[in-house]
Amino acid sequence: MEEFSCGAYYERIGSNVRRIRTERGLTQEQLAEKAALSLTVIQKVEAGQSGSRIETLLRIAIVLHVSLDILADMREADEKYRFCQEAVFMLMKDKSADEIRYTIAMIDSMFRYKKQFLDK
């Protein structure tokens, strides 16, 4: 089994939190307040210190309107993938499971008809 270093992930998460926070025009204090966390917790996360609880990261992700895999940058996604993922997250975040299933079925149908009629 290959060695797994969590330190690199904490640093990546911290860097991404800082970058996304500044892209959203938030200060550390504003992020802390909106996420109901202390300023010290936000500073530790952004510094890449280990030991962040999943609840903490979830609160931050919700305030920044991103999913956890965007914060962790688990995939080396290109800009198109990231844009699509964030757009879908924003559209679906307040929808029920049935609404999400319905939407996915509709989109799937649209792509099937596209193939049938446009990709000749």
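Some notes on this structure:
- Residue, modelled with the lowest pLDDT, within the range 10-55, restricted to residues that are surrounded by fewer than 18 Cβ atoms within 10 Å (Cβ to Cβ) and β-branched (Val, Ile, Thr): 54
- Residue check, residue 22 among the β-branched types (Val, Ile, Thr), under 16 Å from residue 71 (Cα atoms) and out of contact with any Asp or Glu (no Cβ under 8 Å at 6 or more places or on another chain): yes
- Residue in the range 66-83 that is at pLDDT 85 or above and not in a helix (DSSP H, G or I) present: yes
The values are calculated or read from the model by the stated rules, or taken from the named source; none is laboratory data. In this text, all values refer to a predicted model and were calculated from it rather than measured experimentally. Virtual Cβ from ideal backbone geometry, glycine too; neighbours counted across all protein chains shown.
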